[in-house]
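Everything below concerns the one structure shown next.
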Amino acid sequence: SLQGVLFDLDGVIVDTAKLHFLAWKAVSDENGLHFDEEVNQRLLGVSREASLEIILEHNKVSWPDDKKKQVLKQKNKAYVASLDTLTPDDVYPGMRELLVDLKKNSIKTALASASKNAEIVCLKLGILDLFDAVADVRKVQVSKPEPDIFLAAAEQIGVWYTNCIGVEDAKAGITAIKKAGMKAVGIGTEQGLPEADAVLSDTRELTLDFLQKVIES
Ligand code: G6P
Ligand code: MG
């Protein structure tokens, strides 16, 4: 039975993907790197460090570690500054209502985001207190598509993995959920997320009723 729901953040609860894109674009321009929407697609759900590696590989350049460190800092500064524009209105339609509904029904919720800024984002959106736990990505050794962050999130809310559903917009995230042995709901297209147990294009359709059906399927 459904006892826990584990949420990715960027692209599931809020459209921060465009803010990550703008920060990477600014940093790439400044450093003479090519970066576009197509490369950005490959960064969804991927850690900051791994994202830079993808951009460098795309540009066929390799940088020394100190240069990488400096640029990672620069990117995060630009991203965090852009979070000033976030308000509670930026929560995707229906998501706040779902979190409230899950709480009312004693179903535990946890964040399983690869972002080190997950808490700040949730604070800005006014939804941090709607989660029972936030899995700490700093303590997780391997990132999505490995299952670790979802397993850590399930453990933090004390729910056995078979009673959890994970919600993700990124391909790497769906793979991580499936590797954790959990049911996976994708936010996006069936074409883009073929591994998911169910896919929704509109977050308004992500209801408790829907999640109950997925866990029973
Ligand atoms: C999420 C986003 C990625 C981002 C990652 C790290 O998974 O989908 O695009 O790179 O978090 O975010 P951070 O805030 O730690 O740089
Ligand atoms: Mg995401």
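Computed quantities for the displayed model
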item	result
Residue among Lys73, Lys103 that alone is without any contact (Cβ under 8 Å) to a residue 12 or more places away in the chain, away from ligand 2 (no atom under 16 Å from the Cβ) and surrounded by fewer than 20 Cβ atoms within 10 Å (Cβ to Cβ)	Lys73
Filtered residue count, region 5-30, keeping only those that are surrounded by fewer than 19 Cβ atoms within 10 Å (Cβ to Cβ) and within 12 Å of ligand 2 (Cβ to nearest atom)	2
Residue ID - nearest to Pro93 (Cα to Cα), chosen from residues in region 111-165 that are over 12 Å from the mean Cα position of the chain (by Cα) and of a type in the set (Gly, Ala, Ser)	Gly126
Out of Leu2, Leu33, sole residue that is away from ligand 2 (no atom under 16 Å from the Cβ), over 30 Å from Ser106 (Cβ atoms) and crowded, with 17+ Cβ neighbours inside 10 Å	Leu33
Residue identified as buried (at least 22 other Cβ atoms within 10 Å of the Cβ), more than 20 Å from Val46 (Cα to Cα) and touching a residue at least 12 places away in the same chain (Cβ under 8 Å) among Ile174, Ile165, Ile149	Ile165
Within region 6-21, considering residues that are acidic (Asp, Glu) and at pLDDT below 95, the one nearest to ligand 1 (Cβ to nearest atom)	Asp10
Filter result for Ser106 (in contact with a helix residue (DSSP H, G or I) (Cβ under 7 Å, 6 or more places away or on another chain) and either part of a helix (DSSP H, G or I) or not hydrophobic (A, V, I, L, M, F, W, C) (or both))	no
Only one of Leu22, Leu44 that is assigned to a helix (DSSP H, G or I) and either among the small types (Gly, Ala, Ser) or in contact (Cβ under 8 Å) with a residue 40 or more places away in the chain (or both)	Leu22
Complete set of residues in region 47-95 that are assigned to a loop (DSSP other than H, G, I, E, B) and either within 20 Å of Lys116 (Cα to Cα) or not aromatic (Phe, Trp, Tyr) (or both)	Ser47, Asn59, Lys60, Val61, Ser62, Pro64, Leu86, Thr87, Pro93, Gly94
Single unsatisfied condition, Asn105 versus (1) within 21 Å of Glu53 (Cβ to Cβ); (2) at pLDDT 95 or above	(1)
Leu111 closer than 19 Å to Leu2 by Cα and within 13 Å of ligand 1 (Cβ to nearest atom)	yes
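The values are calculated or read from the model by the stated rules, or taken from the named source; none is laboratory data. Nothing here was measured: the structure is a model prediction, and the numbers come from that model. A quick note on method: Cβ atoms are made from the backbone with ideal geometry, for glycine too, and the neighbour counts reach across all protein chains shown.
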